[in-house]
Amino acid sequence: MRVISGRAKGKRLKAPAGHQTRPITDMIKEALFNVLGTRVPGCDFLDLFAGSGAVGIEALSREARRVVFIDNNGPAIRTIKENIRSCGFTSGFEIYRNDVLRAMSLLAQKNQQFDLIYIDPPFTREEIFVPVMDNLGCNTIVDRQGLVIIRTPRKMRLPATFGSLKAYRMDTYGESTLCYYHKEVAEDDGDFQDFGRA
């Protein structure tokens, strides 16, 4: 893994030891940030189930104003800190070891909001995908015009809506799919199919 663009372009990133995380590939990460484009500079970015921190670090490198990393895995937290140090970042980020659902509630209590939220739950815990999205659908941490992106196994089918969040784009890469949700109703969402619960 490497940082693709920005201040830390080309820096190599480590993955946490063990099999509890499924690191994002550079190809998927590049595709994600090509979609996000100009939304990244100056944004508040939340990286849930952060793993190696690769996605949040990419956002930092591309001039995000602030990135918050959340993971409940000790080796993942240590890896995020090591990767951030190796990239030379000294500010603009916060790292928390916490359960993701609990962390979202705490962020809401602090009246924090995010422009972009990336979620990458372990593929071995399919039961957690819907509860996390249900929480975000009624949670105040998603900015009014914010985007939520969740990476799912290719065969998983999530609902097209979660509370105030509506899906507007799906991109599949190998065994992974990136599902994009926003609060604003798209002017023309006729091509998007309600893909129903798995």
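The values are calculated or read from the model by the stated rules, or taken from the named source; none is laboratory data. Computed from a predicted structure; not experimentally measured. Quick reminder, even Gly has a Cβ in these numbers, built from the backbone with ideal geometry, and neighbours come from all protein chains shown.
Can we say LEU136 is crowded, with 21+ Cβ neighbours inside 10 Å, in contact (Cβ under 8 Å) with a residue 24 or more places away in the chain and in contact with a Cys (Cβ under 8 Å, 6 or more places away or on another chain)?
Working: crowded, with 21+ Cβ neighbours inside 10 Å: yes; in contact (Cβ under 8 Å) with a residue 24 or more places away in the chain: yes; in contact with a Cys (Cβ under 8 Å, 6 or more places away or on another chain): no.
When the stated conditions are applied, LEU136 does not pass them.
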* To do: Return the residue satisfying two criteria in turn: it lies in region 105-132 and is modelled with pLDDT of 95 or more and aromatic (Phe, Trp, Tyr), and of such residues it is nearest to LEU158 (Cα to Cα).
  => PHE129
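For the condition more than 22 Å from TYR173 (Cα to Cα), among the hydroxyl-bearing types (Ser, Thr, Tyr) and in contact with a Gly (Cβ under 9 Å, 6 or more places away or on another chain), what is the one hit in SER91, SER61, SER105, SER86? Explain how you work it out, then say what you get.
Working: SER91 fails: in contact with a Gly (Cβ under 9 Å, 6 or more places away or on another chain); SER105 fails: in contact with a Gly (Cβ under 9 Å, 6 or more places away or on another chain); SER86 fails: in contact with a Gly (Cβ under 9 Å, 6 or more places away or on another chain).
None of the others qualify; the one that does is SER61.
Here are some residues: LEU48, LEU106. Which one is touching a Pro at 6+ places or on another chain (Cβ under 9 Å) and of a type outside the set (D, E, K, R)?
Numbers: LEU106 fails: touching a Pro at 6+ places or on another chain (Cβ under 9 Å).
Just a single option satisfies the conditions, and that option is LEU48.
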* Checking ARG2 against (1) closer than 21 Å to THR177 by Cβ; (2) surrounded by fewer than 21 Cβ atoms within 10 Å (Cβ to Cβ), which single condition isn't satisfied? -> (1)
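State whether the residues of region 155-167 include one that is in contact (Cβ under 8 Å) with a residue 60 or more places away in the chain and either in a loop (DSSP other than H, G, I, E, B) or crowded, with 19+ Cβ neighbours inside 10 Å (or both). So that I can check it myself, show each step before the final result.
Of region 155-167, the ones in contact (Cβ under 8 Å) with a residue 60 or more places away in the chain are none.
No, region 155-167 contains no residue that is in contact (Cβ under 8 Å) with a residue 60 or more places away in the chain and either in a loop (DSSP other than H, G, I, E, B) or crowded, with 19+ Cβ neighbours inside 10 Å (or both).
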* Could you count how many residues in region 163-194 are at pLDDT 95 or above and more than 25 Å from PRO23 (Cα to Cα)? -> 2
* **Filter result (farther than 22 Å from PRO122 by Cα and small (Gly, Ala, Ser)) within region 1-41** => SER5, GLY6, ALA8, GLY10, GLY37
* Asked: Only one of these conditions is not met by ALA17: (1) in a loop (DSSP other than H, G, I, E, B); (2) closer than 20 Å to ILE128 by Cβ; (3) modelled with pLDDT under 95. Which number is it?
  -> (2)
* To do: Go over the candidates ILE117, ILE141, ILE128, ILE95 one by one and state the one that is in contact with a Lys or Arg (Cβ under 8 Å, 6 or more places away or on another chain) and of a type in the set (Val, Ile, Thr).
  => ILE95
* Looking at ASP71, ASP44, which one is modelled with pLDDT of 95 or more, under 24 Å from ARG125 (Cβ atoms) and surrounded by 15 or more Cβ atoms within 10 Å (Cβ to Cβ)? -> ASP71
